[in-house]
Amino acid sequence: KLFVLDPHTIYRRGLVASLELMPEVQRVDHANTVFEAQQSGRLAGADLVILDPATAGARDFISAG
């Protein structure tokens, strides 16, 4: 289960589409900001988070990890 956090919509959608093609990937969720991801409740279930450091709230998210 993957979660992609990236503020660049075109890049994020392309990455999600590519990851969804991989048979070993169960689920790919995504968000534009850390706040959006936390509000959705889907972030907590991720096994791996792919994060662009330019994402709003990324520094706090990394520090809290």
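The values are calculated or read from the model by the stated rules, or taken from the named source; none is laboratory data. What you see is a predicted model; the values in this text were computed from it and never measured. Backbone-built Cβ (ideal geometry, glycine too); neighbour counts: all protein chains shown. Quick note on the areas: whole protein, heavy atoms, side chains included, nothing else; ligands and nucleic acids left out. Shrake-Rupley method; radii C 1.70, N 1.55, O 1.52, S 1.80 Å.
Miscellaneous remarks
- Taking only protein heavy atoms and a 1.4 Å probe, the accessible area of the chain is 55% carbon and sulfur.
- The chain: angle of helix 9-20 to the longest principal axis, Cα-based, in degrees nearest 10: 50
- Taking only alpha carbon atoms, the chain gives an Rg to Rh ratio of 0.95, where Rh is the Kirkwood radius.
- Per residue, in Å², the accessible surface of the chain once ligands and nucleic acids are set aside, probe 1.4 Å: 66
- Dipole moment magnitude, nearest 20 debye, the chain about Cα centre, only Lys, Arg, Asp, Glu C-beta charged: 60
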